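**Student:** This is the structure I have questions about; it appears just below.
What follows draws every value from the coordinates through simple rules; no lab data is involved. Please read all numbers here as calculations on a predicted model, not as lab measurements. A quick note on method: Cβ atoms are made from the backbone with ideal geometry, for glycine too, and the neighbour counts reach across all protein chains shown.
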Amino acid sequence: MYKTKLDQKFSPYQMPCVIIGTIINEKPNFMICTWVSRVNRNPPLWIASINKKHLTMIGIKETNLFSINFPSADLIKKVDYIGITSGRDIDKSSLFEIFYGDLNVPLIKECTLSIELKVKKLIELSDHYIILGRAINSYIGEEYKTNGVPDMKKMKPVIYTGVEKKSTYWLLGEKLGDAFKLGKEFKK
């Protein structure tokens, strides 16, 4: 198989598309983010990489609080709208029904899963901040669970692929099998 070099702006993997929430000037503000992942189990730590120019960064730096909200595919038009507009120009909080948990950080009721976080560490890079946040609480709608456990098929998470000039949203596909069990068949 012959391989060619790619432009380094290409993201060769799928990423969850989430909505980051924070407070700016005593008002909720939201942005989409695709550079996000859980990075530690105990304590539960998440990481998000956000461009310095985003208004949301001001709120995160001032309050040291933010939320990560996982929208379902049913919200895709609102999600994309949030990504192509700035909180400097419009009030994005009017797009959602907002609730608050134990922290003063806006969470989105229409999202399948919402997590409230405290900033543990902020790392400044040339054009982005990496935010390491500790999850304080997570909230999920009962309709997105099966037998008391989050059900990805019901949640219909939005997946983003960042191919330069061809960025797209996807819906989670077919289950291939249970992790840490499929390989046992290979051992035989």
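**Student:** May I ask you to derive the relative contact order of the range 132-188, considering only C-alpha pairs under 8 Å and at least 6 residues apart, and to give it as an integer percent?
**Tutor:** Relative contact order here is 18 percent.
**Student:** For the residues TYR100, TYR2, what sequence is obtained by ranking on other C-beta atoms within 10 Å, fewest first?
**Tutor:** Fewest-to-most ranking of TYR100, TYR2: TYR2, TYR100.
**Student:** Now a separate question. By count of other Cβ within 10 Å, fewest leading, how are THR85, THR161 ordered?
**Tutor:** In order of increasing Cβ crowding within 10 Å: THR85, THR161.
**Student:** Is the range 94-167 best put as rounded, prolate or oblate by its Cα gyration tensor, with a ≥ b ≥ c the root eigenvalues, rounded for a/c under 1.5, and otherwise prolate when a/b is larger than b/c, oblate when not?
**Tutor:** Cα axes put the range 94-167 in the oblate bin.
**Student:** May I ask for the distance between the Cα centers of the range 168-187 and the range 56-90, given as a whole number of Å?
**Tutor:** Centre-to-centre (Cα) distance: 30 Å.
**Student:** Moving on to the next point. From the cross-link list LYS27/LYS61; LYS3/LYS187; LYS78/LYS156; LYS61/LYS165, which pairs have alpha carbons spaced over 20 Å apart?
**Tutor:** LYS3/LYS187; LYS61/LYS165
**Student:** Largest first, please: the extent of the C-alpha atoms of the chain along each principal axis, to the nearest Å.
**Tutor:** 60, 46, 33
**Student:** With the Cα gyration tensor of the range 24-128 giving a ≥ b ≥ c as the square roots of its eigenvalues, does the rule (a/c under 1.5 for rounded; else a/b larger than b/c for prolate; else oblate) give rounded, prolate or oblate?
**Tutor:** The shape class here is rounded.
**Student:** So how do TYR81, TYR129 line up by other beta-carbon neighbours within 10 Å, fewest first?
**Tutor:** Lowest to highest Cβ neighbour count: TYR81, TYR129.
**Student:** With each run of n ≥ 4 DSSP H residues scored as -39500 (n - 2.57), what mean residue ellipticity at 222 nm is computed for the chain after dividing by its residue count and rounding to the nearest 500 deg cm²/dmol?
**Tutor:** Rounded to the nearest 500, the figure is -3500 deg cm²/dmol.
**Student:** With the crude spin-label approximation of a point 7 Å out along Cα→Cβ, what separation in nm comes out for ASP91 versus ARG41?
**Tutor:** Computed distance between label sites ASP91 and ARG41 equals 4.4 nm.
**Student:** Among LEU95, SER72, SER114, whose Cα sits farthest toward the positive end of the charge dipole of the range 58-124 (+1 at Cβ of Lys/Arg, -1 at Cβ of Asp/Glu, about the Cα centre)?
**Tutor:** Most positive-ward Cα: SER114.
**Student:** In debye, nearest 20: dipole of the range 38-188 around its Cα centre with unit charges on the Cβ of K, R (+) and D, E (-)?
**Tutor:** With only Lys, Arg, Asp and Glu charged at Cβ, the dipole is about 660 debye.
**Student:** How about the range 48-128: which trypsin sites (Lys or Arg not before Pro) there are in a DSSP loop, with at most 10 other Cβ atoms within 10 Å of their Cβ?
**Tutor:** LYS53, ARG88
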